[in-house]
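Notes follow the structure.
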Amino acid sequence: YDLHPVQKEILQYNDTLGHSKKMQISISQAYFFQFFIKTNNIKNILEVGTFTGYSALSMGLVLPKDGKITCLDINKETTKVASNFFKKASLDNKIKIILAPAMDSLNKLKNENEKFDMIFIDADKENYINYYNACFSLIKNTGFIIIDNVLWRGDVADTNKKDKVTCILREFNSFLKKDDRIEKTILPLGDGIT
C-alpha cells in the first residue's frame, strides 16, 4: 500500500524535529492499526498522546463514515500541527483533540459515560498505570487497549538498565502480566506494543 500524501507530509515534518521524532509511531505500527480497525469493526477510538498526529491520521483514514477519534494531548504546539494535518486530509470532522492533562480528560469522559472500541496509549510513561486504570472504565467489554513503547528499545529485558523510564515500563509490564481481567500479548512492532 502507498501512504496517503498527508501521512508522507507528517513523516517528512517529523524528520525535521530531531530528538522528539522518536515520539512518532512506526510506519509498520500505522499499517497494523489500519488493518486492526478494518478487521475488528472499530468505530470509536480514544488516543492518549497525539504528538503531530501521524497515528490518529493513519487510524482516521480507515475509519467508517460514522467513526470518530478523540485525541488527548497537553502540548499546544504539536496539537496545532496535528490539527492542521487533520484538516489537510479532510479528517477534522472525525478527529477531535482535547487539549488538557490527560487524566482530567479521562475522568471527564468517564463522567460522560463514554465508551470506546479501541484506546491507544502513547504518552508520558510515568502515568502509564494511571492511564491504563482510567481507560479500563472507558473501554467496551469487547474493546482493545493498545499501549506503545513496552519494549523500550529492548531495555526492559536488560537487567543492567536501571534508568527511571525503563524501570517504570518494566513495572508496568509486570502489572499488566498479573492483571487477570484481560487477555494480553506483546507484539514486537515498532518499539513494542501490548
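The values are calculated or read from the model by the stated rules, or taken from the named source; none is laboratory data. On a predicted model such as this, the values are computed, not experimentally measured, just so you know. Reconstructed Cβ throughout: ideal geometry from the backbone, glycine too, with neighbour counts over all protein chains shown. Accessible surface areas use protein heavy atoms only, side chains included; no ligands, DNA or RNA. Shrake-Rupley method; radii C 1.70, N 1.55, O 1.52, S 1.80 Å.
Listed values for the stretch 98-107 are Karplus-derived 3J(HN,Hα) couplings in whole Hz (6.51 cos²θ - 1.76 cosθ + 1.60, θ = phi - 60°), namely 9, 9, 5, x, 4, 4, 4, 5, 5, 5, and x replaces Gly and Pro. Accessible surface area normalised per residue over the chain is 53 Å², counting heavy atoms of protein chains with a 1.4 Å rolling probe. Got a sec? Which residues in the stretch 111-155 would a label at Glu171 touch, if it sits 7 Å along Cα→Cβ and we count backbone N under 12 Å? Flagged as within label range: 126-130. Proximity of backbone amide H atoms, modeled 1.01 Å from N, is registered between Asn44 and Lys68, Asp117, Met118 at under 5 Å, excluding neighbours fewer than 5 places apart on the same chain.
Working note: Cα atoms of the chain, range along each principal axis, descending, whole Å: 45, 39, 32. The listed residues Ser55, Ser26 rank as Ser26, Ser55 when sorted by accessible area, largest first, using a 1.4 Å probe. The trypsin sites (Lys or Arg not before Pro) of the stretch 47-110 meeting both criteria, a DSSP state outside H, G, I, E and B (loop) and at most 10 other C-beta atoms within 10 angstrom of the site's C-beta, are Lys65.
Remark: spin-label model distance Ala157-Asp15 equals 3.0 nm, labels positioned 7 Å along the Cα→Cβ axis. Close amide H contacts of Ile121 (hydrogens built in the peptide plane, cut-off under 5 Å, sequence separation of 5 or more or a different chain): Val48, Ile146, Ile147, Asp148. Considering only alpha-carbon pairs that sit under 8 angstrom and 6 or more positions apart, the relative contact order computed for the stretch 10-102 is 27 percent.
Compactness of the stretch 1-98, taken as the C-alpha radius of gyration over 2.2 N^0.38 Å, stands at 0.99. Normalising the average separation of contacting C-alpha pairs (under 8 angstrom, six or more residues apart) by the number of residues puts the relative contact order of the chain at 18 percent.
Just the protein heavy atoms count here, and of the accessible area of the chain at 1.4 Å, carbon and sulfur take up 53 percent. Using the Cβ of Asn173 as centre and a radius below 12 Å, the other residues enclosed give a net charge of +2, where K and R count +1 and D and E count -1. Exposed loop positions in the chain were taken to be GluC sites (Glu not before Pro) whose DSSP state is not H, G, I, E or B and which have at most 10 other beta-carbon atoms within 10 angstrom. Between these positions, the longest stretch is 1-111. Using a Gaussian network model of the chain in which every pair of alpha carbons under 10 angstrom is joined by a spring, one finds that among Asn111, Asn160, Asn130 the greatest mean-square fluctuation is at Asn160.
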